[in-house]
């Protein structure tokens, strides 16, 4: 009797353990599935690489030089995954334009069916080319923006480094301090790469600085790092070197700010002519032409031209002007 009770208890305990183990495995599998879907949805380049990543080998030579620009821009995306995202986004967007533009022109602007189809084909091709060029130019723009930010910060960065070296701080701790500033700067990301190469990959400080100097888009920062490496090699006075570099960069900054003031005055005149006065005259002219009921330019009626100017021309012009203004404006 006692043995039967003991066996029954063992079976009950075994069944409980079996149920708990099964529940834990199901929960673990569910969490893995959720994490996997979360990773996929948060990474468009992963989706693009899974869809067409293995089919774009023949077009990779067309994007020659983009890999270097990706590294300089600080975009943490694999080269092949970025090209996959470029091609997939261009195909999907051009297909959407091919479907939506004729519908919009036919039902909203009352254009005839055949011209609407032709505009749809042209708009689709333009969208495809525009996205390819945009994706190609984005790393170049990011690299140039990072270069300008680094150049703007160099007078203050070199002064900060000179203060630390005068206090006897080692080069490793100098870049660790730059990577942990209370206000994150562009130099913080570069310094963080140096610290990561030293602490995680086991490189010495000279090798880490050489790697960063080859990858950075700023010629001035490359010059600064190479000179700093030379002072470490030769055992020279790093404090005097950094103080001298800080004075040089501060002088260059004064000159660049004066040039920016002149450039801003020219841009303001272009803005007034191209985005204020010119569109205003065109709107008045097209409105008068529409009221008189004539003056169509082939398939483009005054109403259609007015709509294109209002809803496409002016917003695109304003976006281009903002991009140009952002490209020439110093951060500091």
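Quick check on this structure: which one of 272, 320, 328, 266 is under 30 Å from residue 137 (Cβ atoms), surrounded by fewer than 15 Cβ atoms within 10 Å (Cβ to Cβ) and touching a residue at least 24 places away in the same chain (Cβ under 8 Å)? Even if it seems obvious, please write down each step before you answer.
On the way: 272 fails: touching a residue at least 24 places away in the same chain (Cβ under 8 Å); 320 fails: touching a residue at least 24 places away in the same chain (Cβ under 8 Å); 266 fails: touching a residue at least 24 places away in the same chain (Cβ under 8 Å).
Among 272, 320, 328, 266, only 328 is under 30 Å from residue 137 (Cβ atoms), surrounded by fewer than 15 Cβ atoms within 10 Å (Cβ to Cβ) and touching a residue at least 24 places away in the same chain (Cβ under 8 Å).
Out of (1) modelled with pLDDT of 85 or more; (2) more than 23 Å from residue 320 (Cβ to Cβ), the odd one out for residue 298 is which? Residue 298 satisfies all of (1) modelled with pLDDT of 85 or more; (2) more than 23 Å from residue 320 (Cβ to Cβ) except (1). Here residue 318 does not qualify as in a helix (DSSP H, G or I) and more than 30 Å from residue 150 (Cα to Cα). All of (1) assigned to a helix (DSSP H, G or I); (2) under 14 Å from the mean Cα position of the chain (by Cα) hold for residue 77 with one exception: (1). Can you tell which of 287, 240 is outside the structural domain of residue 105 (by TED's automatic domain parsing) and either modelled with pLDDT of 85 or more or within 30 Å of the chain's Cα centre (by Cα) (or both)? Within the list 287, 240, the selection yields 240.
Please determine, by comparing only the residues of region 103-137 that are within 30 Å of residue 221 (Cβ to Cβ) and free of Cβ contacts under 8 Å to residues at least 60 places away in the same chain, which one is surrounded by the fewest Cβ atoms within 10 Å (Cβ to Cβ). Before the answer, list the steps.
Let us first name the residues in region 103-137 that are within 30 Å of residue 221 (Cβ to Cβ), namely 133-137.
Filter once more, keeping what is free of Cβ contacts under 8 Å to residues at least 60 places away in the same chain: 133-135, 137.
Values: 133: 11, 134: 13, 135: 18, 137: 13.
Among those that are within 30 Å of residue 221 (Cβ to Cβ) and free of Cβ contacts under 8 Å to residues at least 60 places away in the same chain, it is 133.
Condition test on residue 278, is it assigned to a helix (DSSP H, G or I), out of contact with any strand residue (DSSP E or B) (no Cβ under 8 Å at 6 or more places or on another chain), surrounded by 16 or more Cβ atoms within 10 Å (Cβ to Cβ) and not assigned by TED's automatic domain parsing to the domain that holds residue 163? Answer is no for this residue. Just one of (1) touching a helix residue (DSSP H, G or I) at 6+ places or on another chain (Cβ under 7 Å); (2) at positive phi fails for residue 93. It is (2).
Please determine whether any residue of region 139-152 is surrounded by 15 or more Cβ atoms within 10 Å (Cβ to Cβ), more than 23 Å from residue 328 (Cα to Cα) and touching a helix residue (DSSP H, G or I) at 6+ places or on another chain (Cβ under 8 Å). No, the conditions are met nowhere in region 139-152. Of the residues making up region 176-200, those that are more than 12 Å from residue 212 (Cα to Cα), without any contact (Cβ under 8 Å) to a residue 24 or more places away in the chain and in contact with a helix residue (DSSP H, G or I) (Cβ under 8 Å, 6 or more places away or on another chain) are 176, 177, 178, 179, 180, 181, 188.
Does residue 257 satisfy the criteria of being in contact (Cβ under 8 Å) with a residue 24 or more places away in the chain, surrounded by fewer than 13 Cβ atoms within 10 Å (Cβ to Cβ) and within 27 Å of the chain's Cα centre (by Cα)? Here the answer is yes, as residue 257 does meet what is asked.
The values are calculated or read from the model by the stated rules, or taken from the named source; none is laboratory data. Given the structure is predicted, the values throughout are model-derived calculations rather than measurements. Every residue, glycine among them, receives a Cβ derived from its backbone with ideal geometry; neighbour counts consider all protein chains shown.
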